[in-house]
Amino acid sequence: MVDESSIMDFDNRIQYLRRTDESNYSLLERIFSFDSQTGSQVIPQSLRSKVLNYFGRRDSSRNIIETPEEVVERIEKQKIVKINNIWTGESTLFNSLRSDRPGIRGSDVEKEKKYVHGLIEDSKNVCDFCHPEKYTPEDVFGRIQGKHSITAANLAKYDVWSSLVIFEDHNPLKFTLDEFDDYLKTSFQWFEAVNNNDPQFTYPFFIWNCLPRAGASQVHGHCQILMSKEPYAGVQTLIKAYQNYKKENSDDYFQDLYQAHRSLELSHKNGDTLFFANITPIKEKEIVIISRDPSTNYKSRETIFKILRCFIDVMGVFNFNLSISCPPINNQEKFPYITRIVDRGSLLKSTADMGGMELYGSSVVADDPYKIIKILKYAFKTE
Ligand SMILES: [Zn+2]
């Protein structure tokens, strides 16, 4: 197996598994369908210099290190890897040209860091969340006060029970494990409080939209906390997948999903908390974490925290969505806590990261899951 693994070698890897590891191969086939093809096109002479300039691989001094023929060949023949999750309907297209781009974000990270720092500083002056008790509404049962966070009702609610956990620190990117622990504990206490107040609401849902590209209207650090009678559609999809898989295979879907990624060398674990770089990511760098209740289980929240810190500090991801799908309160079923984290791109880009394909077709993704898991494995090894 080559040292620099890539999702673009997916078909070779699958064929290798088919020959050498029948049980993992059939597990992969049970969960996913996959296909890998080359799309061809012709570059006219008049477009060649533009293509060379835009797509030619460069050295550190910005000199193109490929021949024009090599560049044109790469553009004229583009490999596409398609992967579908049979149980959830999630589906992703990886394109060699997109995932080929060197580095994670390269020199743009420093520029964006400066921009984000300015945005955070400037927004301090007119921030309602810096004084939550004065400038945010409270729930009918009052507020949950943590050590480093406090709850507030949502001025414009998503749903009947939809509130916020507001961090003490204005800067959403600056948080320690102790602070993150407190954000979770405050959130989970709120879930209990809602359930006590309104017992038919049993499904907790936790979301963190960090910075505007991830959908946050306020820069100040905060998470969305919701309780519903029925699970939200995305959570329902996971529950259905889990139940149908059990019915048809008598196995645990999430354990098998982890094992499938493990056989592809895309997984890692921290104690009994499992995680992997998803081969059907909704968008860039999606990580899925399978754990126990992160508000009470140390390894679970430590894993989420370390992955988040690695996204921010190592990969330069400042706009992200994080969601925690939870089993219903007081539920006896062994449904795990599923945390997903996804990069929503740079604030310096004016184009949205999601278009019609992601909304109505399949996700088109550039970042290679092999590069992401390599960075995360290193982060977990060195601490
Ligand atoms: Zn603030």
>> As an exercise: evaluate Lys114 against (1) surrounded by 12 or more Cβ atoms within 10 Å (Cβ to Cβ); (2) free of Cβ contacts under 8 Å to residues at least 40 places away in the same chain and give the number of the one condition it does not meet.
In response: (1)
>> Can you say whether Phe205 is buried (at least 20 other Cβ atoms within 10 Å of the Cβ), assigned to a strand (DSSP E or B) and either in the same structural domain as Ser300 (by TED's automatic domain parsing) or more than 16 Å from the ligand (Cβ to nearest atom) (or both), as far as the supplied structure shows?
In response: yes
>> For the list (1) under 19 Å from the mean Cα position of the chain (by Cα); (2) in a loop (DSSP other than H, G, I, E, B), I need the number of the one condition that Glu230 fails.
In response: (1)
> Which members of the stretch 148-187 meet the condition of being assigned to a strand (DSSP E or B), of a type outside the set (Ser, Thr, Tyr) and closer than 24 Å to Gln200 by Cβ?
Replying inline: Ala152, Ala153, Trp161, Leu164, Val165
> Looking at the stretch 1-97, what helices (runs of 4 or more DSSP H) fall wholly within it and have at least 3 residues that are within 30 Å of Ala233 (Cα to Cα)?
Replying inline: 22-31
>> When you scan the stretch 218-228, do you find a residue that is at pLDDT 95 or above, farther than 18 Å from Asp293 by Cα, assigned by TED's automatic domain parsing to the domain that holds Ser149 and surrounded by fewer than 16 Cβ atoms within 10 Å (Cβ to Cβ), even just one?
In response: no
> Ile75 is checked against (1) within 16 Å of the ligand (Cβ to nearest atom); (2) modelled with pLDDT under 95; (3) hydrophobic (A, V, I, L, M, F, W, C) and fails just one. What number does that condition carry?
Replying inline: (1)
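Checking the condition surrounded by 13 or more Cβ atoms within 10 Å (Cβ to Cβ) and either closer than 22 Å to Lys371 by Cα or over 27 Å from the mean Cα position of the chain (by Cα) (or both), which residue from Ser96, Ser123 passes?
None of the others qualify; the one that does is Ser96.
A quick yes/no check of all residues on (1) within 16 Å of the ligand (Cβ to nearest atom); (2) within 24 Å of the chain's Cα centre (by Cα); (3) aromatic (Phe, Trp, Tyr):
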residue: Cys130; (1), (2), (3): yes, no, no
residue: Val160; (1), (2), (3): no, no, no
residue: Val194; (1), (2), (3): no, no, no
residue: Gln224; (1), (2), (3): no, yes, no
residue: Gly234; (1), (2), (3): no, yes, no
residue: Thr237; (1), (2), (3): no, yes, no
>> Report every pair of residues separated by at least 6 positions or lying on different chains whose Cβ atoms are under 9 Å apart, first residue within the stretch 322-351 and at positive phi, second among the basic types (Lys, Arg).
In response: Gly345/Arg213; Gly345/Lys283
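The values are calculated or read from the model by the stated rules, or taken from the named source; none is laboratory data. None of the values given here were measured: they were computed from a predicted structure. No Cβ is skipped: glycine too gets one built from the backbone with ideal geometry, and neighbour counts run over all protein chains shown.
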